[in-house]
Structures are given as C-alpha cells and as structure tokens.
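> Before I ask anything, let me first share the structure, which is written out below as structure tokens.
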Amino acid sequence: MNNNRNIIVLDTTLRDGEQVPGAKLNVYQKVEFARQLQRLRVDIVEAGFPASSQGDFLAVQEIAKAVGDSMSVTALARAVKNDIDAVYESIKAAHDPFIHIVLGTSNVHVEKKFNRSKDAVMEMGVEAVKYARTLLPQVQYSTEDASRSEFEYLWKTIEAVVRAGATIINVPDTVGYAEPEEFGDLIRRINERLKNVNDEVILSVHCHNDLGLATANTLSAIKNGADKIEVTINGLGERAGNTSLEEVVMALKVRQNRYGCTTNIQTRELLATSRLLTHLTGLDVQVNKAITGDNAFAHSSGIHQDGLLKDKNVYEIMSPEEVGAESMELVLTARSGRHAFKHAVAKLGFDTGNDAGFEELFQEFLKLADLKKEVYDHDVFYLVNRHREQAENTVPLYELTAFRVVTDGERPQAVVELKRGGEALRGEATGDGPIDALYSAIKTLTGVEVTLQHYKVNSISRGKEAIGRAVIGLHYKGKAYIGRAMETDILKASALAFLNALNAALLNKEEA
C-alpha cells in the first residue's frame, strides 16, 4: 500500500445531512456552519441541492461567497440541464467549484425510478457530464445505489462518464446495504480498471449507516484505493445517517500505521463542530457516540479509573484534547470584563461586530451572567445567535413580551402578552398542563392554526441555573417547522420555541 496518502474529505452535512426531518437550517445558520467546517479544514463542502428551491439556491450561493476562497465548494444536480445550470450559477463564485451529478445504476433504480432501458439511462449520464464540462473543468459523477448494481453495467457507466469528462467518480452505498469486505472488494476492482482508463480520476465513496457499517465500509474502501470520502458531522443523515466524519478521521489518525493515510482535518475542532451542529439543529448526539458523545471520554468504572490514574494509555487510545474536548469549556461570570467576553466570542468563531453591536451583546451577557453563576460556551453561542438573528430580521414577527402560568392543582391557566411590529396583544387560555395552556394562549392570540407534532426539553449546561433547551415541531398547511429556544426558565424557552416555529412558518408564507 502507498504510504501516507492524503484522503480528501467532503462534508455533506449541509446537503445529505440536512435531509433529516427537523434538521432544516436557515441561510444564516448554514453559513455559520460552513465557516466552522472551514476551521475544521474540510477540503470540500457540499453546500446543498440548489435546484430544489430558491431558498436552497440562495443558501448555496452565500456559502460559496463566504468560504469559497479557502475550500472547494460543490452542490448536487440530477442528470438534467436545469439542475446542472442551478449548481453552476450557485457555486461559480468559489475559487475551486465542481458540479456533482447523481444518477442510479442498480436495476431497481433504472427500472423502477427511471422506467428506461439501461443504455438510455447511461446516455443521460454521459450527456449530463458533457454539458457540465462546458461550464466547469471539474465534474463528479455518483453512481447511485452502486453497492446493489450489476458490476459490469456499473463499470460500463463509470468508463463512459470518465470518457465524457468526469474527473471524480463517487461510489455510493446509498441504502447502507454493503458490508466491509464486499465493499472493499468492489472499490478495489473499480480502482484497478479506473487506473487503466485515466489514472488522474479521483475515486470517492459515500456510505450510509443502515446496518451500522458506514464507518467500517468507508475505511475498507480507503484501504482498497479510495482517495476521497463523503461524510457528515455526527453521522447526520436520513434514515440511520451517513458515515461519521469524526469516526473515519480519528480511525485514520489513531491507526495510521495500519492505513498509511492522513487527512487535512484539524481534529481539535471536531467537538466544536459537533456541538455547533447540535446547537443549530436541536438534534442531540447519543451519549455513547464515538468521538463526539458526552461519554466518549468518561470513565466511571472503578477499575478503569484506577488504570487511568496509573497511565492514561491503559484505557484511552486518544486524548480528549486531540478532538477539542478539553478546550471547549469556557467559563465566564458576571465579573468577566468586556475583553474576556470578546475573546470568548471570537474563540467560538464569531465576528465581534461593530462597537455598538458588541456593547448590546455584552449587556445581554451581563443579564444572563446575573441569572447564572457561570456562563459556558453553549450560552455564548446562544447569545450571539439570538442577537444577530434579531438584528438581521426585517419581517414583523411575533415577540414574547410577558407571560404568566398558574397551576393550582386544577386546570392550569396561562396569560400571554405578545408584540408584532407596533401592535400589542394580550390573551389567556387554560389547558391540560402548563405548556398546553401556554401554547393555547399563543395560538388564540396569533390566530395561526398550527398543530404541535413533538416537544422536547433538555438541559445544555450544568448546575441548577443551567440553560434549558426546548425543541418543538409544528405543522402548518402541510409543512413541518422546527422551533428552538434556550433559557434558564424552561417555560419561557418553551414559549419562545413555539413562537420561533410559528414565525418560521410566517416567514415561509411571506417568501412564497
């Protein structure tokens, strides 16, 4: 095996990861996350699927402008001219953009999805690649459902699109069907033939985790010649998710003697990236998740603790510091001055903005620090996000000005005061519980007919003054909207999350 190959890392959290119900992010959040991927030193960001909606097109465009000077940017297209045009127009501002085309190669995809002959489907792919090459010099072609495809047809397609100008061939295990030995063998066979056709074409893989084998399959592919991997932070993705970036990167680092491969990833940013994604989507990581789970470096067994005290290597194959676990904690108090707070904001990757904007933010921090004894990085994230979203919003939305909930063993009652633009609203309602009463009052006041789908509250920092995060899902006119909020008061967090989801529905209505 060729030693010290550098593996190219493409992060598709903003495209494939965002297909998860509840993971929809706004443009501002997507750009914020892309900037964190820049700090993580990801080689390529797949920014979205621009043909799917005007909103996605604009988000991809903003990401290309924001991070395209230091990272390669791509976006997904089906094998049709309109999709390819949308990708080109949205990513052309980046310094190293490429078009990503996807088309199925398995019998089930060709026969059931396209209802065309195999040769006709292959010709669609060839024509798409030829057209994409008139726009950009780099084109990636993904053979969707490759792991369930007949090998000779799969190879024939790969050979045809390479001759048509594809510069990257991506082999997806789209439904997580493959197992490591089998997938490794498939990549080895493709790699051997590909080198004979054009040894400059990059071979890439994209695995899903339906059988819990995505990381193993990806590592097996690397061993067998894959030079590029498509992954997501926290393994986020539809169904059981995608290959987890942090797991593959750390496996290559910890077992470098075995794989002989490196990546450009700045591993100390792994935990910061994972936590930012959790913060933005409200989707938690399982506590025992490798690398980024809360318990990934926790040792509770007495035997383990005894061993660790004698020598960390007894039970740790990597140090928490390597993935940024120690440096993440950032403790501020009401006595922390402007300089310390500014440093904390900058360290989390936010622009500290103009002096007036920063002063407003600092005053918000002091109010929070009075409520809590200690302010952590999560709290700072929350403050900056809330402050900037308020500053950038121009559509009049509902704001919570005051509320009171009384529970006296009978039927709980809520009184709510809202503001929208210059209009003040006040109303009350009863409910089965305090949250039901609160939400009934808000619904009555706004007159927006929404249905609550799910509601979750958890703590995201320590101690009895910890910040509680509320995440709720609403349905409005057949569409799902997610609202999130964080406060030391969970009833207030619940009310704000409801309003945030309701405002998202109203913003979508305005855009439409």
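> Filter region 251-272 down to the residues that are touching a strand residue (DSSP E or B) at 6+ places or on another chain (Cβ under 9 Å) and crowded, with 16+ Cβ neighbours inside 10 Å and list them by number.
If the condition is that a residue be touching a strand residue (DSSP E or B) at 6+ places or on another chain (Cβ under 9 Å) and crowded, with 16+ Cβ neighbours inside 10 Å, then 252, 253, 259, 261, 263, 265 are the ones that fit.
> If you go through region 51-110, how many residues are without any contact (Cβ under 8 Å) to a residue 12 or more places away in the chain and in contact with a Lys or Arg (Cβ under 7 Å, 6 or more places away or on another chain)?
So the count comes out to 1.
> Going residue by residue through region 198-216, is there one that turns out to be part of a strand (DSSP E or B) and among the acidic types (Asp, Glu)?
No, the conditions are met nowhere in region 198-216.
> Looking only at region 46-62, which residues are of a type in the set (Asp, Glu) and either open to solvent by 20 Å² or more (accessible area, probe 1.4 Å) or not in a helix (DSSP H, G or I) (or both)?
Within region 46-62, 46, 62 meet the criteria.
> Would you check which residues across region 68-100 are over 24 Å from residue 36 (Cα atoms) and open to solvent by less than 10 Å² (accessible area, probe 1.4 Å) and list them?
The answer is 77, 83, 84.
> Looking at region 29-45, which of the residues that are open to solvent by 20 Å² or more (accessible area, probe 1.4 Å) and within 13 Å of the chain's Cα centre (by Cα) is nearest to residue 269 (Cα to Cα)? Before you say what the answer is, go through the steps one by one.
Kept after step one, since they are open to solvent by 20 Å² or more (accessible area, probe 1.4 Å), are these residues of region 29-45: 29, 31, 35, 38-39, 41, 43.
Narrowing the set further to residues that are within 13 Å of the chain's Cα centre (by Cα) leaves 29, 31, 35.
Details: 29: 18, 31: 17, 35: 12 Å.
Filtering region 29-45 for residues that are open to solvent by 20 Å² or more (accessible area, probe 1.4 Å) and within 13 Å of the chain's Cα centre (by Cα), the one nearest to residue 269 (Cα to Cα) comes out as 35.
> Still on this structure, I have one more. Might you let me know whether region 190-205 holds any residue that is acidic (Asp, Glu) and buried (at least 24 other Cβ atoms within 10 Å of the Cβ)?
There is no residue in region 190-205 that is acidic (Asp, Glu) and buried (at least 24 other Cβ atoms within 10 Å of the Cβ).
> What number goes with the only condition from (1) in contact with a strand residue (DSSP E or B) (Cβ under 7 Å, 6 or more places away or on another chain); (2) closer than 14 Å to residue 122 by Cα that residue 153 does not pass?
(1)
> Select the strands (runs of 3 or more DSSP E) contained entirely in region 396-512, then report the ones holding at least 2 residues which are under 30 Å from the mean Cα position of the chain (by Cα) and free of Cβ contacts under 8 Å to residues at least 24 places away in the same chain.
451-459, 479-487
> I'd like to check something: does region 98-118 contain any residue that is part of a loop (DSSP other than H, G, I, E, B), within 27 Å of residue 136 (Cα to Cα) and modelled with pLDDT of 95 or more?
So far as region 98-118 goes, no, none of its residues is part of a loop (DSSP other than H, G, I, E, B), within 27 Å of residue 136 (Cα to Cα) and modelled with pLDDT of 95 or more.
> If I filter region 5-28 down to residues being assigned to a strand (DSSP E or B) and either out of contact with any strand residue (DSSP E or B) (no Cβ under 8 Å at 6 or more places or on another chain) or open to solvent by 10 Å² or more (accessible area, probe 1.4 Å) (or both), which single residue comes out as farthest from residue 483 (Cα to Cα)?
Result: 5.
> Looking for whichever is surrounded by fewer than 20 Cβ atoms within 10 Å (Cβ to Cβ) and among the hydrophobic types (A, V, I, L, M, F, W, C) here; the options are 424, 485, 493. Which one fits?
Within the list 424, 485, 493, the selection yields 424.
The values are calculated or read from the model by the stated rules, or taken from the named source; none is laboratory data. Remember, predicted model here, so these are calculated numbers, not experimental data. FYI the Cβ positions are ideal-geometry reconstructions off the backbone, even for glycines, and counts take in every protein chain you see. Ligands, DNA and RNA are excluded from the accessible area calculation, which covers all protein heavy atoms including side chains. Shrake-Rupley method; radii C 1.70, N 1.55, O 1.52, S 1.80 Å.
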